[in-house]
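Okay, structure first, notes after.
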2 protein chains.
Amino acid sequence: MTIAELSTDSAVLIDDETCRLFRAGAELAGQKWTAAVLLAMARGADRFSDIRGLVDGISDRVLSARLKELERQKLLARQVVPTVPVQVRYTLTAQGRELITILQPLVTWGARWKLHPSE
Amino acid sequence: MTIAELSTDSAVLIDDETCRLFRAGAELAGQKWTAAVLLAMARGADRFSDIRGLVDGISDRVLSARLKELERQKLLARQVVPTVPVQVRYTLTAQGRELITILQPLVTWGARWKLHPSE
DNA sequence: CGTCATGGTCACCAATAGTACGCGCTAATA
DNA sequence: TATTAGCGCGTACTATTGGTGACCATGACG
């Protein structure tokens, strides 16, 4: 079922699969810092401290949590390089890159209709 | 600046305009209940109690807050019909309908790469 | 021996978000 | 007189999130 079809179907409750998917994606990308982390990675940062350096103001704890969640959702892959001290590299998966592409129009949309700050 | 270009530009910090827009939109749509409310309206619900009836489980207070925020962001318009008791009608603006269209691919994306529950 | 870098974790606190539930207002209706 | 419809608001409570700063393990380096 597409959103276009929804407007013709008024019998179904809203908490159905479409809405769940809609929300799951929007919520994932909409969580604070998540977009910034994805963009940092799109710019080439692939190590914990690189990302932290690029994303101004994020704390270790939150970055750690975001990376963990994004890995769980398979938007990025975590691989340990056994140097000393150990290094950990994060890379975007196809799914992650796709999400960034998909959300691109959101930037255009946001630019066109200026959103009003401090929601 | 597009996200595609971002990967070639590593000098800029992440908290810039693009990221702000990206986040603003994603955060707006990602907030709990917001997507459900938008979908309910896309299905034709235009009154407070209609929406509440269609969105299973939402509380008055939250629905009220969402409608207010969405109105502030100009995603919907609120108009009072001076009947008695008074009626209030909410309608999607062009901007609001556009957002739904733009976020449509997110549903497809979410369906393709199953997101993992309970984030 | 002290200390640095890396990639985090943990405990604690504050702020934000969400829920439950009752109230208010008005005029028609039972 | 009591109730209902319609649209929320106010208060109180709980749950989730985010930030801070301390801490940890390892091996190299001075």
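Every number in this text was worked out from the coordinates using simple rules, so none of it is lab data. These figures come from a predicted structure and were not determined experimentally. Positions of Cβ are backbone-derived with ideal geometry, glycine not excepted, and every protein chain shown enters the neighbour counts.
Per residue of B:80-88, what is the mean number of Cβ atoms on other protein chains within 10 angstrom of that residue's Cβ?
Numbers: counts 0, 0, 0, 0, 0, 0, 0, 0, 0.
Average neighbour count from other chains, rounded to a whole number: 0.
Past the 21 Å Cα-Cα mark, which pairs from A:Lys68/A:Lys114; A:Lys32/B:Lys32; B:Lys74/B:Lys114; A:Lys32/A:Lys114; A:Lys74/A:Lys114?
On the way: A:Lys68/A:Lys114 32 Å; A:Lys32/B:Lys32 14 Å; B:Lys74/B:Lys114 32 Å; A:Lys32/A:Lys114 19 Å; A:Lys74/A:Lys114 32 Å.
In this structure, A:Lys68/A:Lys114; B:Lys74/B:Lys114; A:Lys74/A:Lys114 lie more than 21 Å apart at Cα.
Report, as an integer, the average count of C-beta atoms from other chains found within 10 Å of each Cβ along A:53-59. Display every interim value, and only then the final one.
Values: counts 2, 5, 4, 5, 3, 2, 0.
Going residue by residue through A:53-59 and averaging, the value is 3.
Using alpha carbon centroids, what distance separates region B:32-103 and region A:62-119, in Å?
After rounding, the separation between the Cα centres reads 30 Å.
Determine the equivalent ellipsoid of region B:15-112 by diagonalising the alpha-carbon gyration tensor, then write out the semi-axes as square roots of 5 times the eigenvalues, largest first, rounded to whole Å. Don't skip to the end; give the middle numbers.
Values: eigenvalues 129, 47, 31 Å².
Working from the Cα gyration tensor, I get semi-axes of 25, 15, 12 Å.
Using modelled amide H (1.01 Å from N, peptide plane; none on Pro or chain starts), what sits under 5 Å from the amide H of A:Gln87, excluding residues fewer than 5 places away?
HN-HN under 5 Å from A:Gln87: A:Val81.
Could you identify the residue of B sitting closest to the B-A rotation axis by Cβ and state that distance rounded to whole angstrom?
B:Gly30, 1
List, shortest first and in nm to one decimal, how far the label point of B:Ser59 (7 Å from Cα along Cα→Cβ) is from its counterparts in the other copies.
Label-point separations across copies, in nm and ascending: 2.6.
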